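**Student:** Here's a structure for you.
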Amino acid sequence: MTALPNGLTAGTWNIDPNHSEFTFTARHAGVSKVRGNFETIAGTVEVGDTLEDSSVTAEAVVDSINTRNAQRDQHLKTSDFFAADQHPKLTFTSTGIKAESGDEFALEGDLTMRGVTKHVVFNAEFNGAGTDPAGTPVAGLSAETTVDRKEFGMEFSAVLGGGELLVSDKIKIALELELAKA
């Protein structure tokens, strides 16, 4: 069993949505990257006595998607992508946490989008712990993974003249989370 990272103590830690980000990146037209985020996120980390005894649950509200382009955001909410009217949230539930080296770990779990659940592994890093100005214990972590959007039923596939996809199948997900102890 792996000891908890320095400064992280057992108990419930809530994602602070004001100091956290859930972002994604897709290749657009084969030549650039488009980034977006979900502005409404929530979740908890239940820290056990060891890293392996800990768990994570999190969610993002699809209607809060923001790519800095209102037309694209509306398209992403349709059945071509997230089908927000039928599936208003993305969820993640961890199934295991495995120490890698130093403050790095693998966060394994089930990611659900559009009602489809797939096992994913986030490469994660503990960024440290401290106390905020109000005296609340806080901790930070970063995590990223890459998923294939088509595995989640996002079949939209516009092919451009040179054969490149308008929107890549591979989507990078990155999380920057600040946690506050409950």
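**Student:** If you add up the charges near T9, with Lys and Arg at +1 and Asp and Glu at -1, over every other residue whose beta carbon is less than 14 angstrom from its beta carbon, what do you get? Walk me through the numbers before you get to the answer.
**Tutor:** Numbers: positive: K181; negative: E46, D49, D53.
Combined, the nearby Lys, Arg, Asp and Glu give -2.
**Student:** With the full set of protein chains in place, find how many percent of the accessible area of the range 128-182 is carbon and sulfur; take the probe as 1.4 Å.
**Tutor:** On the way: 1460 of 2680 Å².
Here it works out to 55 percent.
**Student:** Please give the per residue accessible area of the range 67-182, computed with a probe of 1.4 Å over protein heavy atoms only, in Å². It would help to have the intermediate numbers written out before the result.
**Tutor:** On the way: 6110 Å² over 116 residues.
Computed with neighbouring chains in place, this is 53 Å² per residue.
**Student:** Right, here's the next one. Output the pairs from K77/K181; K98/K170; K33/K150; K118/K150; K77/K98; K118/K181 with a Cα-Cα distance over 23 Å in this structure; if there are none, say none.
**Tutor:** Details: K77/K181 33 Å; K98/K170 25 Å; K33/K150 18 Å; K118/K150 11 Å; K77/K98 34 Å; K118/K181 29 Å.
Distance filter (> 23 Å) returns K77/K181; K98/K170; K77/K98; K118/K181.
**Student:** Test of understanding: what is the full-extension gain from E176 to A42, defined as 0.36 nm times their sequence separation minus their Cα-Cα distance? Display every interim value, and only then the final one.
**Tutor:** Details: separation 134, 0.36 × 134 = 48.24 nm, distance 1.25 nm.
So the extension gain works out to 47.0 nm.
**Student:** First compute the accessible area of the range 1-118 with a 1.4 Å probe, then give the percent of it belonging to carbon and sulfur atoms.
**Tutor:** 46 percent
**Student:** Next up: Which of A60, A29, A143 moves the most in a Gaussian network model of the chain with Cα springs under 10 Å?
**Tutor:** Comparing A60, A29, A143 in a Gaussian network model of the chain, the most mobile one is A29.
The values are calculated or read from the model by the stated rules, or taken from the named source; none is laboratory data. These numbers come from a predicted model, not from an experiment. Here the Cβ is made from the backbone with ideal geometry for all residues, glycine too, and neighbour counts use every protein chain on show. Side chains are part of the model used for accessible areas, which takes the heavy atoms of the whole protein and leaves out ligands, DNA and RNA. Shrake-Rupley method; radii C 1.70, N 1.55, O 1.52, S 1.80 Å.
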